[in-house]
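Q: Sending over a structure as structure tokens; questions will come in a sec.
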Amino acid sequence: MEEKTSMPSSKFHLNAPGLKPRGKNAERLYWAARADIAKAGYTPRLVRLHYDIHDPADHRLIEAACQRLDAEMKAWASGHKRSVPFFDGTVLALSRRYQTDPASPFLEHKWNWRDRETRILKTIEGAFGARSLASLGNTDFKRWYEAAKQPKKPGAKERIDRAVKIIKLLRQMVTFGAAAELPHCERLHGILSKMRFKGGARSRLKLERHHVEAFIPAAIDAGRLSLAFGTALQFETMMRQKDVIGEWEPFTSGAHDVELVLNGNRWVNGLMWTDISPSMVIKKDTTKTGATVVADLKLCPLVLQVLRLVPPDRRVGPLIIDENSGRPYAEDAYAREWRLIARSAGIPDEVKNMHARAGAISEADDALAPIEEIQSSAGHTQASTTRRYIRGTIGKSRHVAELRQLHRDRKQDENEK
């Protein structure tokens with residue numbers, strides 16, 4: 001049953017049409033299109049607003065965002081059908097066009113991807129949104145990259161990943177702008193395409209089998225069978241965390257195939273007990289690439305170890321249920337609770353649940369499995385992606401060394417004859 005939370009904008013004396021707070025403390029804000037206009041075909045129907053309603057400094061920003069979205073919706077409804085908005089040639093204007101233009105790739109991304117990009121765009125807009133595109137050059141991009149990677153605190157690590165994400169999004173924006181024939185975007189696209197920025201070091205971390213074997217009994221002893229089961233499935237099947245435990249995505253109205261709705265979100269994409277066939281083969285269409293992952297659980301001893309502890313009458317609905325809430329894990333709760341068990345099992349803090357996939361793929365490589373077979377098992381569309389997950393294995397290099405030694409022995413035998 002859906003739990004509804006409402007905190008009308010009038011409580012804060014805001015002129016914010018369409019504002020829909022969600023969560024017990026209105027920690028999530030959305031703008032929602034009017035139901036009749038959305039039904040007529042208007043999009044977007046729901047837009048996440050990354051502001052804090054409890055912060056008076058954000059109130060004007062909330063009002064401006066809602067009023068702009070409301071005006072665009074009403075203009076569409078009156079027959080304008082999204083006439084081309086005014087473009088003043090600033091980074092801010094390009095950012096807003098990138099987020100709202102029907103031809104923008106931004107609108108094709110999944111909701112959580114858009115959320116992540118919106119947070120980066122907010123940083124870009126705040127830092128240099130007022131800059132004119134006409135005045136920008138390579139020195140500006142280089143300076144922005146250098147500023148973005150500075151440590152948060154003196155002596156801390158450089159935030160190279162942060163800087164890289166900002167530059168990547170700037171590339172996407174000017175590429176879109178060039179395609180839309182917006183002034184100066186073609187020139188800036190040419191500049192950025194020729195520039196190179198140092199990326200962060202590739203991760204060498206992985207969750208290894210001995211980690212998993214220590215984690216499972218610790219989780220069971222702590223009464224967190226769900227964490228033991230989820231981790232075993234991730235490691236044995238090479239699936240991403242999201243494909244195992246699912247996720248909660250924004251949901252407004254219309255038909256849906258899973259009757260799990262909470263605070264305006266619905267649970268999707270996770271494993272169900274019906275995904276396990278009577279022959280113990282599990283099939284799953286992955287969320288990222290759409291590739292189908294198939295695994296024979298009879299060959300997954302760590303999974304079988306935990307599966308035996310699940311009573312038959314509880315094998316309905318989602319596989320992984322949070323024992324504290326009685327429903328699938330909320331955002332970030334799985335990783336947070338997993339870390340508590342991992343510490344008790346002696347797993348280093350730098351090794352995270354997300355590294356289970358790298359550990360599984362690395363183990364397969366160490367076992368001399370062909371790369372194309374590992375690629376298929378992991379649901380990757382490219383072998384190059386699979387290779388990025390292989391971390392610190394010695395199996396193939398040892399095999400090569402053994403072959404070389406055999407070759408030397410044969411050559412020596414031939415010379416002695």
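The values are calculated or read from the model by the stated rules, or taken from the named source; none is laboratory data. Since the structure is predicted, the reported quantities are computational estimates derived from the model, not experimental observations. When we count neighbours, we look across all protein chains shown, and the Cβ atoms used for this are built from the backbone with ideal geometry, even at glycine.
Q: With buried (at least 16 other Cβ atoms within 10 Å of the Cβ), modelled with pLDDT of 90 or more and of a type in the set (A, V, I, L, M, F, W, C) as the only criterion, which of 374, 320, 390 stands out?
A: When all the criteria are applied, what remains is 320.
Q: Looking at segment 130-161, which of its residues are within 24 Å of the chain's Cα centre (by Cα) and either of a type in the set (A, V, I, L, M) or buried (at least 17 other Cβ atoms within 10 Å of the Cβ) (or both)?
A: 145, 148, 149, 160
Q: Pick from 93, 77, 64, 127: which is out of contact with any Cys (no Cβ under 6 Å at 6 or more places or on another chain), exposed (fewer than 14 other Cβ atoms within 10 Å of the Cβ) and not assigned by TED's automatic domain parsing to the domain that holds residue 251?
A: Within the list 93, 77, 64, 127, the selection yields 64.
Q: Moving on. Can you pull out the residues in segment 1-60 that are at pLDDT below 80 and polar (S, T, N, Q)?
A: 5, 6, 9, 10, 43
Listed here are the residues, each with its yes/no results for (1) more than 22 Å from the chain's Cα centre (by Cα); (2) surrounded by 14 or more Cβ atoms within 10 Å (Cβ to Cβ); (3) outside any loop (DSSP other than H, G, I, E, B).
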| residue | (1), (2), (3) |
| --- | --- |
| 207 | no, yes, no |
| 220 | yes, yes, yes |
| 227 | no, yes, yes |
| 230 | no, yes, yes |
| 270 | no, yes, no |
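Q: Within segment 123-146, which residues are out of contact with any Phe, Trp or Tyr (no Cβ under 6 Å at 6 or more places or on another chain), over 19 Å from residue 57 (Cα atoms) and part of a helix (DSSP H, G or I)?
A: 128, 133, 134, 135, 138, 139, 140, 141, 142, 143, 144, 146
Q: In segment 357-370, is there at least one residue being modelled with pLDDT of 95 or more and aliphatic (A, V, I, L, M)?
A: Scanning segment 357-370 turns up no residue that is modelled with pLDDT of 95 or more and aliphatic (A, V, I, L, M).
Q: Considering only residues that are modelled with pLDDT of 90 or more and either farther than 20 Å from residue 165 by Cβ or of a type in the set (A, V, I, L, M) (or both), which ones fall in segment 72-96?
A: 89, 90, 91, 92, 93, 94, listed by residue number.
Q: Still on this structure, I have one more. Given the criterion among the aliphatic types (A, V, I, L, M) and part of a helix (DSSP H, G or I), identify the matching residue among 306, 351.
A: Result: 306 is the single residue among 306, 351 that is among the aliphatic types (A, V, I, L, M) and part of a helix (DSSP H, G or I).
Q: Determine which single condition residue 182 fails, assuming it passes every other condition in (1) more than 25 Å from the chain's Cα centre (by Cα); (2) surrounded by 15 or more Cβ atoms within 10 Å (Cβ to Cβ); (3) outside any helix (DSSP H, G or I); (4) without any contact (Cβ under 8 Å) to a residue 40 or more places away in the chain.
A: Answer for residue 182: the failing condition is (4).
Q: What's the number of the only condition in (1) within 21 Å of residue 356 (Cβ to Cβ); (2) part of a loop (DSSP other than H, G, I, E, B) that residue 298 fails to meet?
A: Among (1) within 21 Å of residue 356 (Cβ to Cβ); (2) part of a loop (DSSP other than H, G, I, E, B), residue 298 violates only (2).
Q: Taking only segment 232-262 into account, find how many residues are in a loop (DSSP other than H, G, I, E, B), of a type outside the set (Asp, Glu) and either surrounded by fewer than 17 Cβ atoms within 10 Å (Cβ to Cβ) or modelled with pLDDT of 90 or more (or both).
A: Number of matching residues: 10.
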